[in-house]
Amino acid sequence: MRVSRSGGVTLRKVFYTVPSRLIGHRLRVRLYDERLDLFIGGTHLMTLQRGRAHASGKHDQVVTKDPRKRACSSSSSPRATSADRS
């Protein structure tokens with residue numbers, strides 16, 4: 001399946017986001033009960049948690065975070081305190 005311009009793939013009524021660098025690439029997917037394994041050729045790219053479409057037939061989505069990007073939080077960047085300045 002091919003990664004869409006919006007940065008994801010749809011499988012069984014569930015939209016999965018993938019890193020934007022994969023847009024336009026054709027992926028091979030192995031589907032398991034609890035996860036999806038994504039490959040380009042024989043190279044394993046990532047494993048995603050499997051989502052399920054709603055019983056009503058509505059589509060669902062699974063949003064994944066790129067593990068290379070760090071979340072911004074107060075603990076990720078040190079801040080100067082009054083004790084540091086003296």
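The values are calculated or read from the model by the stated rules, or taken from the named source; none is laboratory data. These figures come from a predicted structure and were not determined experimentally. No Cβ is skipped: glycine too gets one built from the backbone with ideal geometry, and neighbour counts run over all protein chains shown. Ligands, DNA and RNA are excluded from the accessible area calculation, which covers all protein heavy atoms including side chains. Shrake-Rupley method; radii C 1.70, N 1.55, O 1.52, S 1.80 Å.
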Just checking, how many residues over segment 1-43 are on the phi > 0 side of the Ramachandran plot, open to solvent by 50 Å² or more (accessible area, probe 1.4 Å) and under 12 Å from the mean Cα position of the chain (by Cα)? 0
So which residues in segment 46-66 are surrounded by 12 or more Cβ atoms within 10 Å (Cβ to Cβ), over 15 Å from Gly7 (Cα atoms) and either at pLDDT 90 or above or not aliphatic (A, V, I, L, M) (or both)? Thr47, Arg50, Gly51, His59, Asp60
